[in-house]
Amino acid sequence: MKSIEVEDDLYRYIASQTEDIGESASAILRRLLGLPAIGEIPVVQPIKSPAQVREQVLTNSESEPASAVTSKADVKSTAATKPNSTSARLGFNQLIASDQVAKQKAAVGRFLYLLSSLHQLDPAQFERVLQISGRDRLYFAKDKESLLGKNGTTKPKQIGATEFWVITNSNTGKKRSMLTAALVKLGCEKALAQEIAQQI
């Protein structure tokens, strides 16, 4: 077995993809990459040394025609027009351990900040959170009045600069539950959603 070094954010992402207790990093990566079980990956070419890889990269970059080079702006615009589940997951990962979350004054501030950040990830789909409600009250709405309730104790607050509002008079556990539900509605995997919500 070989060891590799990965950056902290990649490690957290891989760890967040665990489906079974005790699942190894190799098993998680095999599942995520769609690879077969242990020992079943056919080796088509011999394994290259790091020096051989460097030499191949340098050779390929020198022989690559100028027309084949893609600018960063082109890559960004292509990525923006073709969202996929991997890019969505990477966006959700940005919500983990953000310095800005820690700077918020209280649980309500962190809750609103995370919801606002979630809206920024996918403004067109954020409306799905309107489907999240309790037995006898709404949690999200597009106006304050819809959330006020009979005695006005729901303390609705606007989510950042968006058109959406959320109730804030619930305890921290309920706020975490609401945020988890919102993340899942927008395509986040439940384990990662729960990890993000723990920051409240």
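Every number here is computed from the coordinates shown, using simple stated rules; none is lab data. These figures come from a predicted structure and were not determined experimentally. Glycine gets a Cβ as well: all are built from the backbone with ideal geometry, and neighbour counts include every protein chain shown.
Annotations for the structure displayed:
- Shown here for segment 102-149: trypsin sites (Lys or Arg not before Pro) in loop regions (DSSP other than H, G, I, E, B) with at most 16 other Cβ atoms within 10 Å, namely 105, 135, 137, 142.
- Annotation: for a label point projected 7 angstrom from Cα along Cα→Cβ of residue 103, residues of segment 154-169 with backbone N closer than 19 Å are 159-162.
- Over 21 Å (Cα to Cα) - which of 142/185; 105/144; 155/185; 144/174; 105/142 fall in this group: 105/144; 155/185; 105/142
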